[in-house]
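**Q** Here's a structure for you.
The values are calculated or read from the model by the stated rules, or taken from the named source; none is laboratory data. These figures come from a predicted structure and were not determined experimentally. All Cβ positions, glycine included, derive from the backbone under ideal geometry; neighbour counts span all protein chains shown. Keep in mind that these areas ignore ligands, DNA and RNA; they rest on the heavy atoms of the full protein, side chains included. Shrake-Rupley method; radii C 1.70, N 1.55, O 1.52, S 1.80 Å.
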Amino acid sequence: MSARNPQPNGVISAIAGMLGFSVLAGVLVTAMVTPSLAVTSMAASSTIGIFDKLPSWIEIGAQPQENKIFAVQAGAPVQIATVFSQNREEVKWDEVGQVVKDAVVAGEDRRFYEHNGVDVQGLVRAALTNTLAGGVESGASTLTMQLVKNINIQMALQEDTEAARKAGVKAAQVSTIDRKLKEMKLAIALEKKYTKDEILLAYLNIAGFGGNTYGIEAAAQRYYATSAAELTLPQAASLIAIVQQPTARALDDAEKYPRNKDRRDVILKNMYSEKMITKAELDEALAVPVDETTVTLQNPINGCIAANIYAKQFCDYIVKSVKDLKSLGDSEEQRLENWKIGGYEIYTSLDLDLQALSQDTLQRYANPAETRLQLGATSTIVEVGTGRIITMAQNKAFDDSLTGGGITTSAINFNTDRDYGGSSGFQVGSTYKVFTLLNWLSEGHGVNEMVNANAREENQASFTDTCTNPSGGMYYGGPYGGPWKFRNFSNEAGSTTVMTATAKSINGAYVSMALKLDLCKTKQIAESLGIHTAIETDNPDTLAEVENEIKSNPSSILGTNDIAPLSVAAAYAAIANNGVYCEPRAVDSIIDAQGNTLPGQEQKCGNSLIDPEVAAAAMYALQGAMNTYPANPKDGVPHFGKTGTTNSAKQTWVVNSSSTMTQVVWVGNITGNFGINKYPSGANLRHLISKTIMLQVDAKYGGVAFPKPPQRLLTGTGVTVDNVIGQTPEIAKSILEARGLVYADGGEVDSDLPAGQIASTNPGAGSVVASGITVTAYTSNGLMSALPDVVSGNPNFGSASSTLNSAGFTTVTQVCEVTTTPSLVNKVISSNPAPGSIYKRTNEVKLGVGALTC
């Protein structure tokens, strides 16, 4: 049965319902506007009781709108991204053209400025229309009632679940008398609280204009590439034509143009009949077509994928950091909800000039289209003393769309932790050795102390780790018991100073240092400088937390923990800041939708487990290392740094810091085991990238000399090797062992000392070494002596040869040497080696015998 051809009973029911609708609405208006008139009869009083149960509180409130993110370029703020849940930009009254205000009144509610939220005259007309239709075909909604409906829709869209959102939106739009009555009461409440202009502006800011476009400003930008203040008469009318039926009349599809024009023309004619425009203006506007010549469709720029080409990953980092922005709310949930409502301007620490340089440099040296491996590269710069993130760049372009952009793009930000970009971090290699160095210096050792640098096998139970075994310290064959064999990258051997070991990144030396330290303290020092794995969980009781925390096992000395580049940069920046760690932060300030300036991320700087003198000594050693690296800009600004390379060169790193800025560059495998040393320029890529960028960083931010370390942390508290030259091996051994050193017999060497006496040691006499280090002693074979002088007096060859033979030099040969002095003919005039030389007696001695010609 058709709803438009009801049976008599249906007609009677509809008439009763619609008449009831009109009567109730009339009483509602009377009760809300002039309640003294509404209580003159019992019937009226009873009816009013029904309305008392309806909700009566509502407010306009803030609507979801755009969030804008800014960086700094050439010293001034520049917008890099727009992020929103709804494409809306709220505008003020004077930012909307009068033609728009007139068009919405003429098109939606011509008695808007006359009624009190409910148009009784319109209700009666609607009742008659609905009676004939046999249903609710027309609700006589005023602009205020439409505003109420839109507010309810927006409230529904803020629900937590999709099901709740759908149910809420449906309830706000369902065609029932109950909903209409609620809208009427709430509309009247709005009219009591707000002025007409405030209600009209709220409607223009909240109304939907098709798709995800909300509000008159976003609609003007979307469909006409202009502002709400600059809309022409026909443009304004076309936009207002959309609001009744956005899916049918929105200007995002040419098929909808005719229906939009039909409604637009009705609005224009209404404006003329209401004397808002002249006949000439009407005719001119009606003559304007609605087609591709008048519509200028602009795709809304939303999200980090549409951000500035150089700031997409950074934008994503900011969005994922919203939960930390305390200015947006007291809890993570509240901050995320307020961000969804939007209207914020986020001013960040990003230096867009250096960011562009960094990204271009990374993509030039680390080809994002490389197919031999999944080649990744990042550069991040942290400001010393503040923690502000100055750059955050990588070689892969950002793309978080479902389809992706191929091998040159990624949705993952490799600079950050899992929670802020999706990365799991990477093994940091020898950049982690700095924490052993800091522990070494904290225990009073010095950078000039010598340690055993040999590659070897160590029993893991020999290391102290009070984190693992708080009572005894040693592992005692516990979780890390058993042999551990490691190698040196360049096959270094013997003993070396910590200074040299740092510059050359000698594994054996750092293992020797760690054997004298508590690995637990090394871990604690690292953590006090912000070091943590890139994957963390919230529950410390879960296995995942144990698996993902920083390890303190022996192999961690050489950098086996997976850490994000940003964390490494912040830790080294703390060293440059004399040991004071500052948490990385990216948001300097915030402006909310009302124009209030709010604090950005709080600067959190605090003392770590290292003091300024230890930091100074570490910088001294690391400056020595940087002096050997190609990454050193050598531009007059002092730098310190450290490289890192993992097994098979899967990951390569270089830290490069001045007194003002700390940069970390990582180049390696995103996944897989391809050795970077097999790639063109190999491990040098990190240096090329770092130097190129730091030259510009120095030019912009400069830097000063690092503080001088105290002498005690240069020499340390080690043992001075005694001079045992000339002693017997037995006596030498007892002297060295009394010093806490280990004696080793290095065998015989050529020496002029009597056979069996100690001829030399390594480390040599006077060297400051760590206690327990092995001193290798070499014994004289007694085969060397001072060569007798057989040149003075110019004896003949026979006499000179006899003298040498008597001294033990058994191999003497004669060579001709020209002389111009007749008396020196057949006389010895030279020897090789020269007289007095310490020379091995079994080696040949050549005597030059004079002759006039040879």
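**Q** At most 12 other Cβ atoms within 10 Å plus a DSSP loop assignment makes a site exposed; report the longest stretch of the chain without any exposed chymotrypsin sites (Phe, Trp or Tyr not before Pro).
**A** Numbers: sites that count: TRP57, TYR113, TYR476.
Segment 477-854 is the longest.
**Q** Let me ask something else. Cα axis of helix 120-133 to longest principal axis of the chain: angle in degrees, 0 to 90, nearest 10?
**A** For 120-133 against the chain, the angle is about 80 degrees.
**Q** Per residue of the stretch 592-600, in order, report the coupling 6.51 cos²θ - 1.76 cosθ + 1.60 (Karplus, θ = phi - 60°) as ³J(HN,Hα) in whole Hz, putting x for Gly and Pro.
**A** 8, 5, 8, x, 7, 8, 10, x, x
**Q** At a 1.4 Å probe, what is the % contribution of carbon and sulfur to the accessible area of the chain?
**A** Within the chain, the accessible surface is 51 percent carbon and sulfur.
**Q** Could you please report the charge total around ILE557, scoring K, R as +1 and D, E as -1 over all other residues with beta-carbon less than 13 angstrom from its beta-carbon?
**A** Once all neighbours under 13 Å are counted, the net charge is +2.
**Q** For the chain, what is the charge dipole size about the Cα centre, in debye to the nearest 20, if Lys and Arg each add +1 at the Cβ and Asp and Glu each add -1 at the Cβ?
**A** Computed about the Cα centre, the dipole is about 760 debye.
**Q** Give me the net charge of ARG388's neighbourhood, meaning all other residues with Cβ under 11 Å from the Cβ of ARG388; Lys, Arg count +1, Asp, Glu -1. Don't skip to the end; give the middle numbers.
**A** Details: positive: ARG585; negative: ASP351, GLU383, GLU583, ASP588.
Net charge around ARG388: -3.
**Q** Take the alpha carbon atoms of the stretch 212-248, find their center, do the same for the stretch 555-584, and report the distance between the two centers in whole angstrom.
**A** So the separation of the two Cα centres works out to 52 Å.
**Q** When the Kirkwood hydrodynamic radius is evaluated over all pairs of different C-alpha atoms of the stretch 293-437, what value in angstrom, to one decimal, is obtained?
**A** That comes to 17.2 Å for the stretch 293-437.
**Q** Tell me the relative contact order for the chain as a rounded percent, counting alpha carbon contacts under 8 Å between residues six or more apart.
**A** Contact order relative to length: 10 percent.
**Q** Moving on. Let me cross-check HIS445: its accessible surface, 1.4 Å probe, with only protein heavy atoms counted, in Å² to the nearest 10?
**A** Approximately 30 Å² of HIS445 is accessible to the 1.4 Å probe.
**Q** Now, a different point. Would you compute the Debye intensity of the stretch 167-224 from its alpha-carbon atoms alone, equal scatterers and no solvent, and pass along log10 I(q)/I(0) at q = 0.24 Å⁻¹ to two decimals?
**A** Log10 I(q)/I(0), no solvent term: -1.01.
**Q** Now for a separate question. Pick out, from PHE314, GLY848, SER349, the residue whose Cα sits farthest towards the positive end of the charge dipole of the chain, with +1 on the Cβ of Lys and Arg and -1 on the Cβ of Asp and Glu.
**A** So the residue furthest toward the plus end is GLY848.
**Q** Follow-up. Relative to the first principal axis of the alpha-carbon coordinates of the chain, what is the inclination of helix 565-576, with its axis defined by its Cα atoms, in degrees from 0 to 90 and to the nearest 10?
**A** 60
**Q** Separation between the PHE486 and ARG110 pseudo-spin-labels, each 7 Å from Cα along Cα→Cβ, expressed in nm?
**A** With each label placed 7 Å out from Cα toward Cβ, I get 8.8 nm.
**Q** Working from Cα positions, state the angle (0 to 90°, nearest 10) between the long axis of helix 612-626 and the longest principal axis of the chain.
**A** Result, in degrees: 80.
**Q** Separate question: State the answer as a single residue: which of ILE407, ALA248, THR662 lies farthest towards the positive end of the charge dipole of the chain, with beta carbon charges of +1 for Lys and Arg and -1 for Asp and Glu, about the Cα centre.
**A** ILE407
**Q** Dividing the alpha-carbon Rg of the chain by 2.2 N^0.38 Å yields what?
**A** Expressed relative to 2.2 N^0.38 Å, the Cα Rg reads 1.49.
**Q** When all protein chains stay in place, what accessible area (Å², nearest 10, 1.4 Å probe) is found for LEU186?
**A** Accessible area of LEU186: about 10 Å².
**Q** Follow-up. Distance between the C-alpha centers of the stretch 313-381 and the stretch 385-456? Whole Å please.
**A** For the stretch 313-381 versus the stretch 385-456, the Cα centre distance is 17 Å.
**Q** Considering only SER555, VAL828, THR161, whose Cα is most displaced toward the positive end of the charge dipole of the chain, charges sitting on Cβ of Lys, Arg (+1) and Asp, Glu (-1)?
**A** VAL828
**Q** Oh, and also: Can you give the helix-only mean residue ellipticity at 222 nm for the chain, where every DSSP H stretch with n ≥ 4 adds -39500 (n - 2.57) and the sum goes over all residues, rounded to the nearest 500 deg cm²/dmol? Before the final figure, lay out the partial values.
**A** On the way: 29 runs with 316 residues, N = 854.
Value at 222 nm, helices only, nearest 500: -11000 deg cm²/dmol.
**Q** Still on this structure: Show the residues, 5+ positions off or on another chain, whose built amide H is closer than 5 Å to the amide H of THR466.
**A** Amide H neighbours of THR466, under 5 Å, 5+ apart: LEU519, CYS520, LYS521.
**Q** Enter the Cα centre distance for the pair the stretch 759-790 and the stretch 151-168, rounded to the nearest angstrom.
**A** 86
**Q** Rolling a 1.4 Å sphere over the protein heavy atoms, what is the accessible area per residue of the chain, to the nearest Å²?
**A** Details: 36420 Å² over 854 residues.
Heavy-atom SASA per residue in the chain reads 43 Å².
**Q** If you place +1 on the Cβ of every Lys and Arg, -1 on the Cβ of every Asp and Glu, and leave all else neutral, what size is the dipole of the stretch 367-448 about its Cα centre, to the nearest 20 Debye?
**A** On the way: 5 positive and 7 negative charges, 36 e Å.
The dipole magnitude comes to about 180 debye.
**Q** Given the protein chains as shown and a 1.4 Å probe, how many square angstrom of THR803 are accessible, to the nearest 10?
**A** Spelled out: THR803, probe radius 1.4 Å, area about 60 Å².
**Q** Note the full-extension length gain between LYS708 and LYS192 as 0.36 nm times their separation in residues minus their Cα-Cα distance, in nm to one decimal.
**A** Result for the pair: 178.5 nm of gain on full extension.
**Q** In addition: What is the local net charge at GLN158, summed over the other residues whose Cβ is closer than 11 Å to its Cβ (Lys, Arg +1; Asp, Glu -1)?
**A** Net local charge, GLN158 excluded: -1.
**Q** Moving on. Taking θ as phi - 60°, what are the ³J(HN,Hα) couplings along the stretch 737-747 by the Karplus curve (6.51, -1.76, 1.60), each to the nearest whole Hz, with x for Gly and Pro?
**A** 3J(HN,Hα) across the stretch 737-747, in whole Hz: 5, 5, 8, x, 9, 9, 8, 9, 7, x, x.
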